[in-house]
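First comes the structure, then the notes that go with it.
Please treat every number below as a calculation from the coordinates, not as lab data. This structure is a prediction, so every number in the text was calculated from the model and none was measured. Here the Cβ positions follow ideal geometry from the backbone for every residue, glycine too, while neighbour counts run over all protein chains shown.
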Amino acid sequence: MLTALPGARLAAAMARKPALPAADALRSLADAQDCLMLRVTPNAGADTLTVADGIVQVRVTATPEAGKANAAVLALLAKALGVPKSALSIVRGETGRDKRVRLPPR
């Protein structure tokens, strides 16, 4: 019986991760108050951030308990934008799937 090596499994997982959208593409969707509307799906199979038809869709593996999913959303968005997590804040939608996140000034 052949088993996959941990390094091979990691390489396979890395190959499946989609690239994050460009920071400029995300910032272009922000409104005049530098806020971005997100549609969030917690308990997803993988952490992804995509833009489809002008909607930013965020899927995170974290559960929506005690703010874990919100923290994961902010961490993923911060990584895509190249800013610290502390520079982002949820303005509306703490407990809902539709969120409004304030971005740092350019």
Subject >> Whole-Hz couplings from phi, Karplus 6.51/-1.76/1.60, listed for region 48-63; x for Gly and Pro >> reply: 9, 9, 10, 10, 9, 6, x, 10, 8, 10, 10, 10, 10, 7, 5, 7
Subject >> Amide hydrogen neighbours beyond the local backbone of THR41, cut-off 5 Å, H modeled >> reply: VAL58, ARG59, VAL60
**OP:** Quote the FRET efficiency, to the nearest 0.05, computed for THR61 versus ASP24 with a Förster distance R0 of 30 Å and r equal to the Cβ-Cβ distance.
**Re:** 0.65
**OP:** Collect residues whose amide H, placed 1.01 Å from N in the peptide plane, falls under 5 Å from the amide H of VAL91; neighbours closer than 5 in sequence don't count.
**Re:** ARG100, VAL101, ARG102
